[in-house]
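Every number in this text was worked out from the coordinates using simple rules, so none of it is lab data. Owing to the predicted nature of the structure, the values given are computational and were not obtained by experimental measurement. Cβ placement follows ideal geometry from the backbone for every residue including glycine, while neighbour counts extend to all protein chains displayed.
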Amino acid sequence: MRYSGLRVIKEALTGHKGWKPAWREVAPKRAYDYVIIGGGGHGLATAYYLARNYGAKNIAVLEKGWVGGGNVGRNTTIIRSNYLLDGNEPFYEHSLKLWEGLEQDLNYNAMISQRGILNLVHSDAQRDAFTRRGNAMILNGADADLMTTEAIQTRYPFLNVNNARFPIKGGLAQHRGGTVRHDAVAWGYARAADSLGVDIIQNCEVTGFRIEAGKCLGVETNQGYIRANKVASCVAGSSSRLMSKADMRLPIESHVLQAFVSEGLKPILPGVITFGAGHFYCSQSDKGGLVFGGDLDGYNSYAQRGNLPVVEDVCEGAMAIFPMLGRVRLLRMWGGIMDMSMDGSPIIDRTHVESLYFNGGWCYGGFKATPASGWCYAHLLATDTPHEYAKEYRFDRFEKGRMIDEKGVGNNPQLH
Ligand SMILES: Cc1cc2nc3c(=O)[nH]c(=O)nc-3n(C[C@H](O)[C@H](O)[C@H](O)COP(=O)(O)OP(=O)(O)OC[C@H]3O[C@@H](n4cnc5c(N)ncnc54)[C@H](O)[C@@H]3O)c2cc1C
């Protein structure tokens, strides 16, 4: 069933009796060509591009909970491609280009809104760093705009430009960045993948791998054993837990990240703004709530909720640049499990076990990567070669010392 304006009108006039479920409820078959573990954004996008780009037919996505219940439905919805390093920027720019055509491709309204992102600058050294980053973005075909304090003041008059401690000295803007309704991305990919024949199986937890003579033959689940020619792990924050069942220890730690939504307000924020002297970022949803977040909680955890010190830190960051937020009431907050890698960049690679593949280490930036991650992982699964845009995202970079460390903070996952 295609969605369209005409369809909405027709259904409105006929009592909404013609809508079909967005995807089928299916029981798992005994065997598949591809089993993708994890029905988050990345797993569903991988299944979709495997079917669409490579004509693969016999694919299952196994999700232990429900589609959209993981980080894909918990993030602060920001998309951008403002990276510095060659290993990252072409990948994230490819992702942003895929976002730009995604709604037409999936025939699904994911509320993609390129309202722009502005990273504030508070010191001369930071301006130098952002100038370099902007140039790297432009060299890779992305857009970047170094804004002056005056231009920022005109566009965002509510910002505390003359804060005595953190004066705003300019900013790096990417006008093609923005926000996307996060869970709609999961639903859109699920529906599109299902329409190409992918089986999406919810409440199906993978509890183990069947590995014989160095080859993965299938997965054990709470719904029985499922054979597979290729098994693809794509479980984000649960990566270490899942891969430990295949006796693998990953260069990844799991940390909590919180998100916050305020009461609904009239439109006050025309885009995404990030504070450069602390950890605070904010945008306004189409319903009017301010959607914001900050730093990791700073300890290893698989809990999907955080603690008060970070709430305080986030509020301090907010007040430093947006004093007008002082009277806004908080409506909701939650946490998600972040798969923090040692250099802050992801992994899309084969493992040493034949037919077992891995996608993870997205840290807190994996939402914007969803389309490109699915695109490149599908390429790896179908061809057994890394996609050009993901060729640096290999496990062996940790062994060979070819880190992709955007922040230059070393192998301390909680600092990336
Ligand atoms: C608070 C917060 C804010 C964020 N903000 C941003 C942002 O603004 N921009 C951005 O780019 N990124 C952001 N992120 C990061 C982004 O959300 C993640 O990197 C990304 O969603 C991870 O990929 P995913 O969607 O596939 O993960 P998930 O949605 O977590 O999917 C993984 C799925 O695997 C399932 N699973 C786990 N174990 C098993 C098993 N054994 N068997 C079967 N299924 C299993 C889980 O139930 C889950 O549904 C944020 C994250 C959080 C928590």
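Here the simple spin-label model places points 7 Å from the Cα toward Cβ, and for Met333 and Gln223 these points are separated by 3.7 nm. Against the chain, whose longest principal axis is taken from its Cα atoms, helix 308-321 shows a tilt of about 50°.
As a ratio to 2.2 N^0.38 Å, the alpha-carbon radius of gyration for segment 119-168 is 1.24. What share of the DSSP beta bridges in the chain is antiparallel, in percent to the nearest 5? Expressed as a percentage, antiparallel bridges in the chain total about 70. Per residue, the average separation of C-alpha pairs within less than 8 Å and at least 6 apart gives segment 267-357 a relative contact order of 20 percent. Counting only lysines at least 8 places from Lys169 when in the same chain, those with an alpha carbon closer than 25 Å to its own are Lys407. When the square roots of the Cα gyration tensor eigenvalues are ordered a ≥ b ≥ c, the ratio a/c for segment 10-82 is 1.5 or more and a/b does not exceed b/c, which makes its shape oblate. Model label sites at Asp384 and Arg30, defined 7 Å from Cα along the beta-carbon direction, differ in position by 2.6 nm. The slack in the chain from Lys10 to Arg210, taken as 0.36 nm per residue of separation less the alpha-carbon distance, amounts to 67.0 nm.
For segment 352-416, the spherically averaged projection of the C-alpha convex hull amounts to 5.1 nm². Evaluated over the Cα positions of segment 244-331, the convex hull gives a direction-averaged projected area, one quarter of its surface, of 7.5 nm². Relative to the longest principal axis of the Cα atoms of the chain, helix 182-195 runs at roughly 30 degrees. The C-alpha atoms of the chain define a longest principal axis, and helix 124-139 lies at about 40 degrees to it. From its DSSP helices (H runs of at least four residues, each -39,500 (n - 2.57)), the chain gives a residue-normalised ellipticity at 222 nm of -8500 deg cm²/dmol. In terms of overall dimensions, the C-alpha atoms belonging to segment 225-289 reach 52, 30, 17 Å along their principal axes, ordered largest to smallest.
Legend: translational diffusion of the chain by Stokes-Einstein, Rh = Kirkwood radius over C-alpha pairs, 37 °C, 0.692 mPa s; D = 149 µm²/s.
Averaging 1/r over each pair of different alpha-carbon atoms in segment 297-404 and inverting the result gives 16.6 Å, the Kirkwood hydrodynamic radius. With 10 Å bins beginning at zero, the pair-distance distribution over Cα atoms of segment 40-104 amounts to 17, 39, 37, 7 %.
Coordinate range of the alpha-carbon atoms in segment 93-141 per principal axis, descending: 45, 21, 10 Å. For segment 206-250, the C-alpha radius of gyration divided by 2.2 N^0.38 Å, with N the number of residues, is 1.09.
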